[in-house]
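Enquirer: This is the structure, below, for whatever I ask next.
What follows draws every value from the coordinates through simple rules; no lab data is involved. Being a predicted model, the structure only gives us computed values, none of them experimental. Cβ: placed from backbone, ideal geometry, glycine included. Neighbour counts: every protein chain shown.
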Amino acid sequence: MGYPVNNASKVPATLELRIHGIRNTPPHELLRCEVADVTRVQGDELGGFFTTKAPSAGPTYVEAYSWGKLARTAPVASTFGKIGAVASNLAWFLLLPFGLANAAYWARRLQKDGPKGGSQLAAGNGAGTVRLFALLLSVFYTAALCTVAFDLLAVQCFRRLEGVPGVSVCNQLPGPADMLRNMTRGQRLTVMASVPLLGMGLLFAISLLSNAKYRRRTLHAEARGSEETVAGAVKPPILAASGFWDRRFVSSSTGVVHIAACFSFVALLINADSVAAVRSPECTGAGQWFNPGCISETLSRTGERALEMALLVAGGLLLFMVAVLVVAWSSEVRAPVETALKRKQAAGLVMVAVVLHLAVTLGIACFATPDDTVTRAFAGTRVAPLVLLALLTILSLSAAVTRSGVRASRAFVLISISTAALLAWSLIPGNDLILLVPVVAGLVLAVDLLRMRRRSIAVFEHEGWFGFGPGVFMLLAVMFASFLSGSLVVGVAEFLRSPRTVGQVLAQNPVWRSVTESTALGEITVPTAYRMFAGVLLVAIVVAVAVVAFWAVVHLFKRRIIAYPSAYDSGVGMPPGEPGEFRPRKMPESLEPRLQRVADRQRWSSLAQRGEPAVWIVVLLVWLAVTVSLAASAARGRTPNDSALQAWFNDIAVFVNLNLAGWGVVAGAVLVLGLAIGNAASSKDRPLSLIWDIICFLPRAAHPFAPPCYGERVVPELSDRMAAWLQPANRKDAQIVVSAHSLGAVLAIAALFHLKATSPETDFTRIRLLTYGVQLRSYFGRFFPELLGPAVVSTVPSAGPALHRADPWITQVSRDFVLANQMHVTEHGKYTLASLLNGDWGNAEPSPPRNHWINIWRRTDYLGFPIDSFCTGPGQRDCIAEEFEPGGYMEDVATHGNYLSTAAYTTARNALIST
């Protein structure tokens with residue numbers, strides 16, 4: 001079914017295109033009719049355009065656009081029933097760090113000038129840092145799977161126990177696993193190598209299969225080159241760049257090198273374990289890494305494993321080559337068409353080399369001399385998680401300062417020196433002077449940061465997390481990746497330790513099959529890094545929750561009324577504030593009960609609006625947790641001949657490992673499994689649907705296997721619909737009112753810019769924008785300034801919320817009052833949303849702004865904000881919606897929904913139609 005023809009006399013000239021937000025409002029609610037009265041105009045089971053079967057009686061032809069299933073549905077889950085749905089939900093949890101890395105990429109300070117000028121985007125500072133971070137996330141997950149497959153299963157579950165003949169097998173392994181009993185260590189490693197390879201392959205496949213659902217039929221060709229500009233001139237917004245939504249920012253070549261990195265890392269660990277066999281048992285502890293005698297012994301015996309050593313070096317070089325390719329390919333946001341073939345060839349050659357290297361490694365491991373004369377731990381996975389976690393943290397901190405103007409490469413070097421010194425201090429006994437190195441490096445970076453930021457301190461106040469947004473997103477990714485990896489490793493270890501049957505609970509040795517001797521209690525151990533981070537992170541999260549909860553309780557029990565600017569009038573009779581006074585005051589006893597409920601709802605809504613400072617606290621504690629975990633993990637197991645500070649770190653490691661790690665893993669497992677099973681039982685949505693709505697809006701530009709971008713389908717579909725409505729030549733009075741709720745407003749604005757890129761001849765003065773319950777000014781414009789900031793969408797800059805104030809926005813409210821008294825009018829530049837709707841796109845001297853955009857909000861909406869001013873008054877683009885649900889049987893206080901039924905919506909829509 002195609003679009004309806006709008007030149008028929010029975011069809012109104014005005015299209016009212018309603019787009020839902022994060023609440024995923026169904027089409028019948030958007031159209032305000034019964035489910036049976038809805039018909040699909042165009043689309044599929046995941047989304048599309050809907051209207052009523054009977055013609056609309058209003059002044060507009062109303063269509064509803066539904067996109068929520070694109071962001072939340074996991075198409076793979078329904079293939080294998082409920083069990084498959086649970087497995088798919090768990091996989092989507094693992095994809096979450098990839099999506100956060102993608103958000104970090106777009107949170108950088110983006111540049112509009114490409115290497116060749118024109119409208120091609122440039123990568124900007126820190127692009128290579130974020131993409132290298134994304135590569136290491138893939139390797140970090142591979143390390144966790146290798147720990148399970150190689151360390152726990154292939155080595156620890158097939159062990160020679162004292163006093164027990166032959167090889168003992170973990171009791172929890174199924175019967176067919178006994179076939180591996182008579183294999184050598186290398187042969188078991190070869191068999192188990194399939195676990196990380198298949199595991200990462202399935203994880204990547206879920207992302208690719210879901211992306212196939214977003215492919216669309218292109219109705220309009222991209223008008224490439226239509227906005228060619230000279231160097232130094234004002235450039236159009238990035239969202240209006242040529243082909244922004246049509247071509248991927250990370251190519252298949254980048255995906256190939258990610259797979260190659262995972263394969264190469266598997267081979268690297270196997271070769272590292274083989275080479276480690278030359279070390280004596282006395283030299284295997286962390287405290288002996290820098291022991292001269294152990295180093296000399298290891299070097300003298302490397303000839304015994306010369307081939308494995310050569311493969312180890314070759315594997316390291318291959319992994320380094322992959323990292324170099326990823327960084328080198330990050331010089332452009334999108335790979336130029338003319339270099340695509342060369343990149344595919346380079347990626348193909350690297351992949352062939354990696355596969356050959358892995359094949360040779362597995363062959364040698366399978367047929368080499370058996371290494372079962374001694375029982376030793378698997379070598380590679382004891383160090384790899386520690387190194388990878390350190391690198392991920394270094395890259396996160398490096399990206400955090402890129403918006404400030406500090407070069408990412410310089411920050412990377414300084415932070416790497418600090419981290420290396422901290423780890424060296426943990427390993428080298430009795431030398432606290434090493435700690436001066438991170439102190440000096442930190443001071444140098446701090447001086448650079450202050451020098452770059454002092455000239456633009458006001459600008460950073462209007463950016464999310466004071467301009468440290470990329471690092472915040474990346475540290476959140478580190479938190480989730482580390483927690484999920486640790487839960488996997490520790491969870492499998494606990495499973496292997498547990499009795500297989502009820503009758504084995506009282507047995508002396510339930511871990512090993514057919515072993516009852518109490519003296520043969522072989523322990524299943526876990527690399528320290530996994531347990532350490534889980535335990536320390538648990539403490540960090542508890543502290544963060546306690547701080548946030550403390551302020552929440554304080555503000556909830558103090559029944560205060562948030563001060564209203566005198567011009568604010570929602571029609572319910574709330575008393576206005578005194579001019580110039582915006583501090584929340586004690587609720588008057590004379591305030592009638594219905595208004596007390598409004599004031600209470602405002603306080604509850606204000607709690608949800610403190611997310612930015614709450615996340616800031618969490619991220620700072622995560623950084624502290626990672627730092628402590630790295631140092632304590634390296635220091636654990638050392639001799640008592642250390643300094644007092646090193647001994648203290650050793651005590652921390654022992655305490656966390658014995659008392660907190662288990663609780664941290666249990667808490668994480670209960671949360672993850674609960675969400676995965678709960679979603680599988682109740683719906684087809686992915687777990688944490690709200691997060692997917694937000695982070696999947698932007699195209700994949702950092703990780704090739706990040707959650708797919710629903711915007712790649714939604715934005716062009718909306719743009720095509722608007723172009724089709726305005727296209728007929730015999731309907732000169734055709735116009736559009738784009739009605740967008742919440743996150744739908746972001747999609748609508750992106751579609752308008754995309755329409756300019758695809759159909760530059762469109763008369764945008766016939767398009768009106770009506771938004772309600774939006775976060776453009778307070779959230780999206782602060783987190784992604786170059787995409788949706790004030791200079792792009794013509795909103796007024798906003799300071800961030802405060803955690804400890806009764807009204808989190810009190811600072812901005814007072815500033816808005818000053819601007820309102822000065823009769824401040826929002827100016828729009830040469831290339832902004834206002835100039836686009838005003839018909840002044842590209843004009844050096846824009847004409848006075850027309851009222852083509854109206855925004856509706858209310859203080860009881862926990863996600864709804866003004867676009868210009870909290871001091872809303874007559875003649876402004878912001879207007880107030882009623883704070884009680886209209887038309888309901890009960891008088892409920894309105895929050896984030898049901899704007900369509902308010903009188904404010906009808907008034908605003910009619911005003912836009914008449915202008």
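Enquirer: Please name which of Leu307, Ile364, Val354 has its Cα lying farthest along the dipole of region 304-373 towards the positive end, using unit charges on Cβ (Lys, Arg +1; Asp, Glu -1) and the Cα centre as origin.
Expert: Of the listed residues, the answer is Val354.
Enquirer: Still on this structure, please answer the following. Using only Cα atoms, what Kirkwood radius does region 855-915 have, in angstroms? Walk me through the numbers on the way to the answer.
Expert: Working: mean 1/r = 0.0823 Å⁻¹.
Across region 855-915, the inverse of the average 1/r is 12.1 Å.
Enquirer: Could you rank the peptides 465-473, 327-335 by their average count of other C-beta atoms within 10 Å per residue, with the highest value first? Provide the component values of the computation, followed by the final result.
Expert: On the way: 465-473: 25.6, 327-335: 18.2.
Averaged packing, sorted descending, gives the order 465-473, 327-335.
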